[in-house]
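Step one of this worksheet: look at the structure below.
Read-outs throughout are calculated quantities, based only on the coordinates presented, and are distinct from any laboratory measurement. In this text the structure is predicted, and so the values were computed from the model without any measurement. Here the Cβ positions follow ideal geometry from the backbone for every residue, glycine too, while neighbour counts run over all protein chains shown.
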Amino acid sequence: MKRIITEMTNDIIDIEKKYMSYTTRVPYFPLVVDEAKGLTVTDIEGNEFIDFLSSAAVINTGHNHPRIVEAIKKQVDKCIHYTPAYMYHEPHTKLAQKIVEITPGNYEKRVAFGISGSSSVDGAIKAAKAYTKRSRIVSFLRSYHGTTVGAISVSGISLGMRKDIGPLMSDVYFIPYPDSYRGNIGMSIDDVGSNCINYFKELLETVLPADEIAAVIYEPIQGDAGVLIPPNGFYKELESICRKSGILLIADEVQTGFGRTGKMFATEYFDIEPDILVFGKAIASGMPLSGIVARKEIFESWGAPAHFFNTAGNPISCVAAIETIQIIKDEKLMDNANKIGEYIMSRFTSMMDEYECVGDVRGKGLLIGVDIVKNRSTKERDIKMTAKICWRCWEKGLILAFFSGSVLRIAPPLTISIDEAKKAIDIIEESIKEAEAGLVSDEVLEVIKGW
Ligand SMILES: Cc1ncc(COP(=O)(O)O)c(C=O)c1O
């Protein structure tokens, strides 16, 4: 059961510790990736793992999908890069067209590519400000939007991220995001959606003039907060407030996009039309690419060159993205995400009868969170138990991470088969059982820290 770790692994980790900044890492296991195909990751020692993290929801089509590999190889031979800021290239143009076709919003749109989710979140903020000529942004507590200065300024998840780098972008206001499991600070759990809306209204009536707000930025499903799904009607109410006052809606679909939740974009579950949508992560199956798609008039109100990056829209990333979108459709990956997601949710729900630490199971498609608690009635997070479960999974050959200290992050590639899902969930169940029985030592907590 124990993973074989030799000096090969330890040496690489030691060198990394010596040369790399600690700020770039979320510590998990001593796993040095060598190869990755489909659902399987192989480390340099030859140990194989089922990947339930998908490289943080980036690899929706499975690692090294042959069609992606082929598209990339073909493009590499032709041209690695010419900046689309200065010249044109076909993959860039074709991808922009595809993005317009597949994103929600029944209006004329324009696209701008970036390199990371964070850079495109910054783009969305700039676009909203330029169009509305307003300076204020509303965001949600516990949201995660990235690590550039703009993205950190609107992220409400971690003091650690914000500490010592101020002043951040000014004029950002945070409101609570509906948490149907734990409720929100001092509010009744019965109607978390309306409670959060009422909080926003109170803010607008007391300290925050609605006609000075450029946009509300939100994750349609809050991912890193531990997969929080707002109740029905929440977004309709939010949209109604925003439309009355000319406030734009920015949907951050960096984590939820490209089939992850069982729809191409999670926005489709909520029957609203964001004015700006941010995408990233899975779009190019691991090649760096992100972007914003917005109403045409929003982009037209903005000067040039107000938002470009030299290597954004790189042709290799663009061909990988075009192929990714086509694979999601051809292989019916959204249907598969829903089918396997249901199976996984039902397995965890059954586990609630056996293991006291499984407090809640929630999700859509293959973005699922399993909340690990000390006690079902207090819902107190069991951060140590969560880390120990993930550690045990790694020892047994499964990559599993967690959000918000205590929420197991179930996000395998959307290509997963039912047999692979069964095998993986069996490993997680055994790990829960063994962690609950005290069979995982406290020492592992020195290594696995998570997020
Ligand atoms: C919802 C959301 N927005 C933005 C980002 C930032 O993306 P990136 O790390 O590519 O900058 C992330 C990354 O995890 C995310 O989950």
> Using every alpha carbon pair in the range 67-330, what percent of pairs falls into each 10 Å bin from 0 up to the bin containing the largest distance?
Replying inline: 7, 31, 36, 19, 6, 1
> Which value in deg cm²/dmol, rounded to the nearest 500, describes the helix-derived mean residue ellipticity at 222 nm for the chain, given -39,500 (n - 2.57) per DSSP H run of n ≥ 4 and division by the residue count?
Replying inline: -11500 deg cm²/dmol
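Between Y19 and D190, take the C-beta separation as r, use R0 = 41 Å, and let me know the FRET efficiency to the nearest 0.05.
So the FRET efficiency works out to roughly 0.20.
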> In whole Å, how far is the Cα centre of the range 259-313 from that of the range 387-403?
Replying inline: 32
>> Less than 10 Å Cβ to Cβ from D360, Lys/Arg counted +1 and Asp/Glu -1: what total charge do the surrounding residues give?
In response: +3
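Run the numbers for E35 and D426: contour at 0.36 nm per residue of separation, minus the present Cα-Cα distance, in nm.
On the way: separation 391, 0.36 × 391 = 140.76 nm, distance 2.40 nm.
Extra length available between E35 and D426 comes to 138.4 nm.
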>> Just want the answer: with Cβ charges of +1 for Lys and Arg and -1 for Asp and Glu, which residue in I325, I213, T349 is farthest toward the dipole's positive end in the chain?
In response: I213
> With each pseudo-label sitting 7 Å past Cα toward Cβ, what's the E212-K379 distance in nm, one decimal?
Replying inline: 3.4
> Among 83-91, 187-195, what's the highest-first ranking by average C-beta atoms within 10 angstrom per residue?
Replying inline: 187-195, 83-91
> Past the 28 Å Cα-Cα mark, which pairs from K37/K332; K74/K332; K98/K339; K129/K201; K329/K364; K329/K449?
Replying inline: K329/K449
> What is the gain in length, in nm to one decimal, between I4 and N64 on full extension, counting 0.36 nm per residue of separation less the C-alpha to C-alpha distance?
Replying inline: 19.1 nm
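Kindly work out what percent of the DSSP beta bridges joining two residues of the chain are antiparallel, to the nearest 5.
65
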> Give or take rounding to whole Å, what are the principal axis extents of the alpha carbon atoms in the range 306-351, in descending order?
Replying inline: 51, 25, 15
> Do you know the relative contact order of the chain, to the nearest whole percent, from alpha carbon pairs under 8 angstrom that are 6+ apart?
Replying inline: 22
> What residues of the range 224-244 lie in the reach of a label at K201, counting those whose backbone N is under 19 Å from a point 7 Å from the Cα along Cα→Cβ?
Replying inline: 231-244
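Loop only per DSSP, at most 15 neighbouring Cβ atoms within 10 Å: give me the trypsin sites (Lys or Arg not before Pro) in the range 1-66, ordered by residue number.
K2, R25
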>> As an exercise, take the mean of 1/r over every pair of distinct alpha carbons in the chain, invert it, and state the Kirkwood radius in angstroms.
In response: 22.7
> Percentage of Cα-Cα pair distances in the range 25-176 greater than 18 Å, rounded to whole percent?
Replying inline: 73
